[in-house]
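Below: one structure, written as structure tokens.
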Amino acid sequence: MNRFVLRADPPKFDDIPPEDFILTVIMLKAFYKDQEFIRIGYYVQNTIPEEEGDNPDPSKIGRQILTEDTTVHQSQIKWD
């Protein structure tokens, strides 16, 4: 089994239109020599506390990764 640590900057909250914010996606793609061999997608449900209104504080947003709806796409590649 291989393991890795993924570190990424959070999304820019101001770049996400409010109507698109309730459901977002995490997409992981893995490549070997410029060939994509796996793609894994997770839906993320975001909840904004009612008291936050139209301009919520990003630190108060609840996020839940919906692992039951994970999508996995594997591709055959040349491993040489």
Can you list the lysines whose alpha carbon is less than 20 Å from that of Lys33, not counting same-chain residues fewer than 8 positions off?
Lys78
Counting other C-beta atoms within 10 Å, and keeping those with at most 13, which DSSP coil trypsin sites (Lys or Arg not before Pro) do you find in the chain?
Arg3, Arg7, Lys12, Lys33, Lys78
Neighbourhood net charge (12 Å Cβ-Cβ; Lys/Arg +1, Asp/Glu -1) for Gln45
-1
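Every number here is computed from the coordinates shown, using simple stated rules; none is lab data. Nothing here was measured: the structure is a model prediction, and the numbers come from that model. As a convention, Cβ positions derive from the backbone with ideal geometry for all residues, glycine included, and neighbour counts pool all protein chains shown.
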